[in-house]
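The values are calculated or read from the model by the stated rules, or taken from the named source; none is laboratory data. Given the structure is predicted, the values throughout are model-derived calculations rather than measurements. Ideal geometry is used to build each Cβ from the backbone, glycine not excepted, and the neighbour counts take in all protein chains shown.
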Amino acid sequence: MVRLKKMISVFAACVILFTMIGCSGGFDASGYTEAILDLQFQGDIKNARTLVAGATQEELDQMYQEFIDHFVAGYITDGMNITDDASEEFKELAAAIFASMRYEVGEASETGKKEYEVPVVIQPIDTFLRYKELLAEDALRITERIKNGEYNGTEEEIQDQVLAEIAEQAYELLRRAYDDSEYGDKQTVILRVKSDTSDIYSIDEDDMDNLISKILRLDEIGG
């Protein structure tokens, strides 16, 4: 399992494009936040389209897919030698995991000029904690096989065989972890939303990164 990285950075760079259209009624920070989370986790572009100036359905779909792609490449399959087909399987599974996220956006409070705090009640899921445990068990099994001389060839060839076996097993282990996943107690995360000088709103990157880390319980996984 690779070390947790700031997986939100790419998505946040896309989200900076989000701005209110027809804001005669004022900026809806809660609605904005919900639209961002629905796009990010559910791939739901319906509400996002009302907030993105000039963005097409294809562009929003691409935003969502890029987030999934970078999460998989940077967190799940980093260091694995896998085929394109296997990578696509991981992306489909990651999308299913994200779609299962439980969160509820609360009422925003204005904390400054064009600055808001939005409470989000999340129910963390233990998929990746289970996945880490399964990977550790699999590593012990492979270590035992190495000790028993069950791999043939040079040291480099054996290493290649081991890496191939890890990659082959990883998807099934993640699938098992997801199938057995359980939700934890609800907790509240605060997301800060503010506008720049061009009246373009964005969610604080560190806050969003913290939400992703907590809702997936990635903060409980060591490097």
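I'd like to check something: does region 186-205 contain any residue that is surrounded by 12 or more Cβ atoms within 10 Å (Cβ to Cβ), more than 30 Å from residue 27 (Cα to Cα) and at pLDDT 85 or above? Checked region 186-205: no residue is surrounded by 12 or more Cβ atoms within 10 Å (Cβ to Cβ), more than 30 Å from residue 27 (Cα to Cα) and at pLDDT 85 or above. Cβ separations smaller than 6 Å between residues 6+ apart or across chains give the following pairs from region 190-210 residues that are more than 17 Å from residue 119 (Cα to Cα) to residues that are among the β-branched types (Val, Ile, Thr): 200/19. Suppose we keep only residues that are at pLDDT 95 or above and in a loop (DSSP other than H, G, I, E, B) within region 78-103. Which one would you say is surrounded by the fewest Cβ atoms within 10 Å (Cβ to Cβ)? Among them, the one singled out is 100. Residues in region 10-44 that are modelled with pLDDT under 85, over 15 Å from residue 193 (Cβ atoms) and outside any helix (DSSP H, G or I) were compared, and the one that is nearest to the chain's Cα centre (by Cα) is 21. For region 114-148, a residue qualifies if it is over 24 Å from the mean Cα position of the chain (by Cα) and over 25 Å from residue 94 (Cβ atoms), and the qualifying residues are 114, 115, 140, 143, 144, 145, 146, 147, 148. Residue count for region 157-171 satisfying the condition of being over 24 Å from residue 218 (Cα atoms) and either at pLDDT 85 or above or polar (S, T, N, Q) (or both): 2. With respect to residue 153, is the statement that it is free of Cβ contacts under 8 Å to residues at least 12 places away in the same chain and in contact with a helix residue (DSSP H, G or I) (Cβ under 8 Å, 6 or more places away or on another chain) true? Yes: the conditions hold for residue 153. In this structure, is residue 174 over 30 Å from residue 118 (Cα atoms), at pLDDT 85 or above and under 28 Å from the mean Cα position of the chain (by Cα)? Answer is yes for this residue. Taking first residues from region 71-85 that are under 16 Å from residue 218 (Cα atoms) and partners that are at pLDDT below 80 and of a type outside the set (A, V, I, L, M), the Cβ contacts under 6 Å between residues at least 6 apart in sequence or on separate chains come to 74/5. Examine region 45-66 for a residue that is in a loop (DSSP other than H, G, I, E, B), in contact with a Lys or Arg (Cβ under 8 Å, 6 or more places away or on another chain) and modelled with pLDDT of 95 or more, and state whether such a residue exists. Scanning region 45-66, I find no residue that is in a loop (DSSP other than H, G, I, E, B), in contact with a Lys or Arg (Cβ under 8 Å, 6 or more places away or on another chain) and modelled with pLDDT of 95 or more, so the answer is no.
For the condition surrounded by 12 or more Cβ atoms within 10 Å (Cβ to Cβ), within 27 Å of residue 83 (Cα to Cα) and in contact with a Phe, Trp or Tyr (Cβ under 9 Å, 6 or more places away or on another chain), what is the one hit in 116, 178? One residue alone meets the criteria, 178.
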